[in-house]
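Just below is one structure, and these are the notes that go with it.
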Amino acid sequence: MCSGGHDDLPSLFGSFTQRPIEDRARIVDYLRAAPPVLDVLDVERDLIDNTQQIASAASLISDGTWIWRADSIHDLSRYAIDIPDEFLTHVRGLDYRPPAAVPDSEEFDAAMMSYF
């Protein structure tokens, strides 16, 4: 799913879980509501159901602490993919309300650009 420099990320196919995440819909809503930080005009195929296409899949979204790709929202809303406990705790601690904006700092910009 990622090329170069992302060997530390888990495989999508190895991320399926039987663990129930009762508030998955609220987590996905949080992911969707967070502000975009980098728009990428691309179209990627869904890696599970290759008949589906994901517009702007590589676009980045963030709540200022975590950064995720738009295709992650697509995948998490459709498939039983596990979500890190640290992220679940973070989102629940914010009462499922992402900030309206992310910090404008060199540290954040460097973290965002590390995706590429």
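Only the coordinates and a few stated rules stand behind these numbers; no lab work does. Computed from a predicted model, the values in this text were never measured in an experiment.
Rg and Dmax of the stretch 17-113, based on Cα coordinates, read 13.7, 39 Å.
Counting only DSSP H runs of at least 4 residues, each contributing -39500 (n - 2.57), and dividing by the residue count of the chain, the helix-based mean residue ellipticity at 222 nm comes to -9000 deg cm²/dmol.
What whole number of Å gives the distance from the Cα centroid of the stretch 19-63 to the Cα centroid of the stretch 86-110? Taking the Cα centre of each part, the stretch 86-110 and the stretch 19-63 sit 16 Å apart.
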